[in-house]
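The values are calculated or read from the model by the stated rules, or taken from the named source; none is laboratory data. Treat the numbers as computed from the prediction; the structure is a model and nothing was measured. Glycine also receives a Cβ, built like all others from the backbone with ideal geometry; neighbour counts cover every protein chain displayed.
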Amino acid sequence: MSETLKPTRRTMLTRLGILLNAGIGAVLAVPVVSYLLAPLRGKNGAPYNQWVKLGPLEQFPEGETRLATFRNPVVRPWDGQTADIPCWVRRIDAEKFQVFAINCAHLGCPVRWFAASGLFMCPCHGGVYYADGSRASGPPERGLFEYEHKVEDGELVILAGQLPTLAAQDRTGRRKTCDC
Amino acid sequence: MRLLKALGAWLDFRLRLGEGIREAATHPIPKSSASWWYVFGSAALTVFGIQVVTGILLAIVYVPSAAQAWSSLQVLNHDLTLGWFLRAMHGWASNFMVALVLIHMIQVFLFGAYKFPRELTWIVGVFLLLMTLGMAFTGQVLRFDQDAYWGLGIGASITGRVPVIGGALVHLLLGGPIIGGDTLSRFFALHVFIIPGLLIGFVGLHLLMVLKLGINEWPMPGRIVRRETYLKEYEQLTHEGVPFVPDAIWKDLVFGAAIVAAIGVCAAVFGPFGPKGQPDPTIIQASPRPDFFFLWLFSLLSLLPPQMETPVLLLMPPVAILILLLVPVLSGEGEKHWKKRPVAVLTVLVVAVALGSFTHLASTTPWSPEMDAWSGAPVPISELKGRSALERRGALVFQAKQCRNCHRLGREGGMRGPALDEVALRLTSDQLIRQVLQGGGNMPAYGKNLSPAETTALVAYLETLKPAGRAPAHDASQP
Ligand code: FES
């Protein structure tokens, strides 16, 4: 029995065969892994975040906070309704806006605006925010996520495209504009 | 009959499986192991079988596309003959499977069955539990409704808390920048190919070890497991033992059949789970809730102090899994009987009570504001009787400013804040004003949203909220 374990030409060839397979496997792993990591690189070379129109300024009366929706800039044809993203637009005065993500800064549930009390409330774990998005109470550690925005040709435009999470946002600021 | 026998012989001559199967089936087990306590594992396996069959049947209709998944579930529920029943079976069997796996695990733990030489069987079992929970979660995602959508959002938000690579992990989890088609596709692959494939492999390993190492004997107080002697003692027990088939298996069969019947009855009586509202994020009137077995987590997320949340969320799962994996390594020998293992019993009790009460809490969600209470739950008439005009105006402010969403009055309203039926006994008018304007103690400050007149009216009303004949709160610093 021990005799057959001695390295002969055949055992050497077997080892070579195993090595050959391992090598080819390693080479083939490269496309597999990069395929799996594709979601990290944006779609078709386009960055995830792009400027999207929210609509003409008249839609947002001064001193009010309104729900607006936009189509996500990067979509798949089979995304359906999931690519329609809502957000809260607060028009402070003629020029000044704040655009808040719908997703609670705690764990992403949809916050609702209550105009009479000037609060955003979250249905999940009871997070509450003030009208300017800052944290009022409950489990969130920070204020609502905000989208970067500008006014172009009489329309409100925001920089959006990703699900807002603590990772996609600045973790340090209490309310930092989205730099994702 | 003769023909059948001949066919069997023909097949076996070529397959050479009969001998092995006969041996495995009739292998001797300790007499005490043919017990009604030893049926949960096999029942979980039976339910897994149901899941495979019903899962495949659902997959021939279900469309794993974000745009169409929800409507394909509607077709299953309403248009296809008994499609609803298959969905119900799959959903209920999932609940039964998680429950059975948990019960099996507790039984194995309390009976010391994880000790030498069955440590690896336990470790593989821990992975089976994780995969079962993984199937439950991914299954909830495939029921692509509002709960699934926001549940994914919660999953992504938790993932996003991982330091440094959180953002990358979120994109990998979602398969893209948002919850959408790519997300559903990858959860479909997880639920239908990846986890079940692993599950089948691990179940095979688990069973193989049960066969090779033998079913655990009934523990006796004082019968100590020692590495040097255990195998001999166990052999002695099997020597005096009984064959697995038929002495033990009939109990597995009876219990398994009862479980299958119970699943069928639940499915027929209670019907399928959801789908609830469409997975349309613009419908923000949603109150996402997880499925039963994740409710405890929902409670935990609501009750943890904010600063503790990220560490707990990120460290708790790996630590819990590590502890489970280490159980047989740390106590691979010694006493098996629960009567001699008070710490083990206590641990099970504490964990069960904790998870149980968290789950129960989640069914009342006292921490969530009741979003419609301000418009749907008017101040009870009894709380308006005999009030002055100013006080009634205060009641109006109380209602219109959404105070009811968090405060109960007359058993209606949210429970986020304290009920206010007797608030005048607790707070003086000065304290009330300060609390309303500045907030604090988890209450938002209303200073910016109340005019002085509104504040006066509101506080005047709140001061009337006390049982008749009892003195209001008194400021000790005043004479
Ligand atoms: S998700 Fe809003 S409070 Fe938890």
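Can you go through B:L355, B:L297, B:L304 and tell me which one is within 16 Å of the ligand (Cβ to nearest atom), within 16 Å of the chain's Cα centre (by Cα), within 29 Å of B:R143 (Cα to Cα) and surrounded by 15 or more Cβ atoms within 10 Å (Cβ to Cβ)?
Answer to the selection: B:L297.
Yes/no per residue for (1) more than 8 Å from the ligand (Cβ to nearest atom); (2) of a type in the set (A, V, I, L, M); (3) outside any loop (DSSP other than H, G, I, E, B); (4) in the same structural domain as A:E62 (by TED's automatic domain parsing):
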| position | (1), (2), (3), (4) |
| --- | --- |
| A:A116 | yes, yes, no, no |
| A:P123 | no, no, no, no |
| A:Y129 | yes, no, yes, no |
| A:G133 | yes, no, no, no |
| A:A136 | yes, yes, yes, no |
| A:P139 | no, no, no, no |
| A:K150 | yes, no, yes, yes |
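From the list A:L67, A:L159, which residue is assigned to a strand (DSSP E or B), under 21 Å from A:W51 (Cβ atoms) and in contact (Cβ under 8 Å) with a residue 60 or more places away in the chain?
Unique residue meeting the criteria: A:L159.
Somewhere in region B:179-187, is a residue part of a loop (DSSP other than H, G, I, E, B) and either in contact (Cβ under 8 Å) with a residue 24 or more places away in the chain or of a type in the set (A, V, I, L, M, F, W, C) (or both)?
yes
Which residues, taken from region B:435-449, are in a helix (DSSP H, G or I) and either touching a residue at least 60 places away in the same chain (Cβ under 8 Å) or surrounded by 14 or more Cβ atoms within 10 Å (Cβ to Cβ) (or both)?
Correct list: B:Q435, B:V436, B:L437, B:N449.
Which numbered condition trips up A:A22, out of (1) assigned to a strand (DSSP E or B); (2) outside the structural domain of A:D153 (by TED's automatic domain parsing)?
Unmet condition: (1).
Which ones in region B:329-351 are part of a helix (DSSP H, G or I) and touching a residue at least 24 places away in the same chain (Cβ under 8 Å)?
Result: B:V329, B:W338, B:K339, B:K340, B:A344, B:V345, B:V348.
Can you tell me which residue among B:V52, B:V75, B:V101, B:V61 is assigned by TED's automatic domain parsing to the domain that holds B:I179, at pLDDT 95 or above and buried (at least 17 other Cβ atoms within 10 Å of the Cβ)?
Values: B:V52 fails: buried (at least 17 other Cβ atoms within 10 Å of the Cβ); B:V75 fails: buried (at least 17 other Cβ atoms within 10 Å of the Cβ); B:V61 fails: buried (at least 17 other Cβ atoms within 10 Å of the Cβ).
When all the criteria are applied, what remains is B:V101.
Do you know which residues across region B:183-214 are within 12 Å of another protein chain (Cβ to nearest Cβ), buried (at least 22 other Cβ atoms within 10 Å of the Cβ) and not β-branched (V, I, T)?
Across region B:183-214, the qualifying residue is only B:L184.
Do the conditions hold for A:A105, that is, is it assigned to a loop (DSSP other than H, G, I, E, B) and among the hydrophobic types (A, V, I, L, M, F, W, C)?
When the stated conditions are applied, A:A105 passes them.
Give just the number: which of (1) more than 7 Å from chain B (Cβ to nearest Cβ); (2) away from the ligand (no atom under 16 Å from the Cβ) does A:H106 not satisfy?
Unmet for A:H106, out of (1) more than 7 Å from chain B (Cβ to nearest Cβ); (2) away from the ligand (no atom under 16 Å from the Cβ): (2).
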